[in-house]
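Engineer: Below: one structure in structure tokens.
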Amino acid sequence: MAGADSPSTALRRRDLCTRGIRLVGKMRSDVIDLLDTYVERQGLDASASVAAVEGVPPAAVERWDEQTGTQRLLENLAAYRAFRALLAQMLEEQREQLGEAGAALGRALAAVLLQVSAFTYHLEELLRLESRSPPSEEGDGPPPRPPLSLFEQKLRGLGVLRELAQWALRSARDLRQLAKPSPGTGSAPGLAESP
Amino acid sequence: HMQYERVGADVTMKCGSMDWDAAVTWTANGTDIDESHLNGSYLILKNVDLTQSGQYSCYEGSSWHLKYQTYLRVGTPPKEPVLMCRSNNYPKGFYCSWHLPTPTYIPNSFNISVIHGTKEMICEKDAVPKNRCHIRYLQLFSTVKYKVTLTVTNALGKNFTTLTFDEVAIVKPDPPESVVAKPVPNNPRRLEVSWQNPSSWPDPESFPLKFFLRYRPLILDQWQHVELSDGTSHTITDAYAGKEYIIQVAAKDNDIGTWSDWSVAVHATPWTEEPKHLTTEAQITETTSASTSSFMAPPTTKICDKGAMVGS
């Protein structure tokens, strides 16, 4: 179990967490706007319930408050890497489906993809701060799956964006947990032990 | 033996095993019932109302043996109950509370089921108040909706209501606590307001609250508002000098849910300069100096305005 941080590491982490919270807050509001555009553009029903989409990491978590800092970071990193691939795929599909007519939606998707990529890098940096090299990405891409119908693709996209919005919410809370000073020492605990 | 009947119903009571043509006496809460309500030995109550609830007894004519006794409860079947679920201690859990829109006048039993996805969750009932129970979040950040069904049953009927909601939609903190407003010395247009997170909010660090402050002078109806995304204090800088203000604060999770109710109102009046007593002081100083010219008022006494001093 790593001992408590050096002050500089704690300061650095706090700074990274604070900036990460802002980034993920902006991302969440953009994703929520994107959801509205996507639903309208794709002719979907906003209240449609979408079953768990294969390959999309669910934000739902049990005993969230008992997770260690490292668990939080690793789960976040795996999720945003997956979203990066999923959004890139959606962008591709969307261009094929809507072409020029869907340019605005495409730009919005690309903007969110950019933020997801930036946040992914941010998480990797946080992990490196703990002298933990981020897990490699080989084989992380979405599993090959049978071609989906157009409607299934659209529903899937809805599921991806909804889950991403939830992840953005969770990530902000995770980062706030990480940024918490550990009791007594005033400096953030080592990642392994931060609740 | 308890008997339930709907308001407005026609009720027929037989005198136990007595024949239709047997001579009997019926009482309601010990008072004989007029023969006009009898059909043979049967008691007929038309279009019953709430006042006719009570104990009904039938006695055999000659021997006064008690042949039949029942307690009649007149009431109504339950209407669709009103159900409300809310999380004021996110992310620990949420509670649901309910009531009936109109009384039924007879005992009702409530059953609540909480389903999250495919999982049934336990709703721990409060001893007091009886119509409330608590559910602990087993999962956070879920896109799966919660479905809460409340069923109410009584002897005359049954009804239910269902709520479906997202985890985040029902998050509504309690109002901020310990709201204090104070004048700022030497600042006639400022008021310093401070408050605390509601004590029911478990983790303000990871689930920060933002606040909404509203204030107005008592003499005006129009509120002024300011939203504050962090911190639990604010200085009002545009208060009308000398006017008493009423101030309230509300809270909301930074990212999700809805605003709390307004806090308890507090009152405060901005700092004002001490009033100068121009008249009476000036006269006292004048008469004292004429008779006892050697005794001068100590500097600490309220010094009159130089212009107002006469003959000094």
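Engineer: Please count how many residues of region A:23-45 are of a type outside the set (V, I, T), in a helix (DSSP H, G or I) and over 18 Å from the mean Cα position of the chain (by Cα).
Structural biologist: Qualifying residue count, region A:23-45: 4.
Engineer: Has region A:136-150 got any residue that is in a helix (DSSP H, G or I), at pLDDT 80 or above, under 30 Å from A:A46 (Cβ atoms) and more than 14 Å from every other protein chain (Cβ to nearest Cβ)?
Structural biologist: yes
Engineer: Quick one: how many residues across region B:133-165 are under 27 Å from B:L100 (Cβ atoms) and either free of Cβ contacts under 8 Å to residues at least 60 places away in the same chain or in a strand (DSSP E or B) (or both)?
Structural biologist: Of the residues in region B:133-165, 23 are under 27 Å from B:L100 (Cβ atoms) and either free of Cβ contacts under 8 Å to residues at least 60 places away in the same chain or in a strand (DSSP E or B) (or both).
Engineer: Still on this structure, I have one more. Which of the following residues is among the hydroxyl-bearing types (S, T, Y), part of a strand (DSSP E or B) and either modelled with pLDDT of 95 or more or surrounded by fewer than 12 Cβ atoms within 10 Å (Cβ to Cβ) (or both): B:T280, B:T301, B:T258, B:T235?
Structural biologist: None of the others qualify; the one that does is B:T235.
Engineer: Additional query: Regarding A:E125, is this residue within 14 Å of another protein chain (Cβ to nearest Cβ), modelled with pLDDT of 90 or more and surrounded by fewer than 17 Cβ atoms within 10 Å (Cβ to Cβ)?
Structural biologist: No; evaluated as a whole, the condition is false for this residue.
Residue-by-condition table, conditions (1) assigned to a strand (DSSP E or B); (2) in contact with a Gly (Cβ under 9 Å, 6 or more places away or on another chain):
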| site | (1), (2) |
| --- | --- |
| B:N47 | no, yes |
| B:S63 | no, no |
| B:C85 | yes, no |
| B:N111 | yes, no |
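Engineer: Sticking with this one: Looking at A:L77 and the list (1) within 14 Å of another protein chain (Cβ to nearest Cβ); (2) under 17 Å from A:A172 (Cβ atoms), which single condition is not satisfied?
Structural biologist: Of the numbered conditions (1) within 14 Å of another protein chain (Cβ to nearest Cβ); (2) under 17 Å from A:A172 (Cβ atoms), the odd one out for A:L77 is (1).
Engineer: Report, by residue number, each residue of region A:46-94 that is in a loop (DSSP other than H, G, I, E, B), out of contact with any strand residue (DSSP E or B) (no Cβ under 6 Å at 6 or more places or on another chain) and among the hydrophobic types (A, V, I, L, M, F, W, C).
Structural biologist: A:A46, A:A48, A:V50, A:A51, A:A52, A:V53, A:V56, A:A59
Engineer: Is one or more of the residues making up region A:5-17 of a type in the set (G, A, S), assigned to a helix (DSSP H, G or I), on the phi < 0 side of the Ramachandran plot and loosely packed, with under 13 Cβ neighbours inside 10 Å?
Structural biologist: Looking for residues that are of a type in the set (G, A, S), assigned to a helix (DSSP H, G or I), on the phi < 0 side of the Ramachandran plot and loosely packed, with under 13 Cβ neighbours inside 10 Å, one finds at least one in region A:5-17, hence yes.
The values are calculated or read from the model by the stated rules, or taken from the named source; none is laboratory data. Please read all numbers here as calculations on a predicted model, not as lab measurements. Don't worry about glycine lacking a Cβ; one is built from the backbone with ideal geometry, like all the others, and counts go over all protein chains shown.
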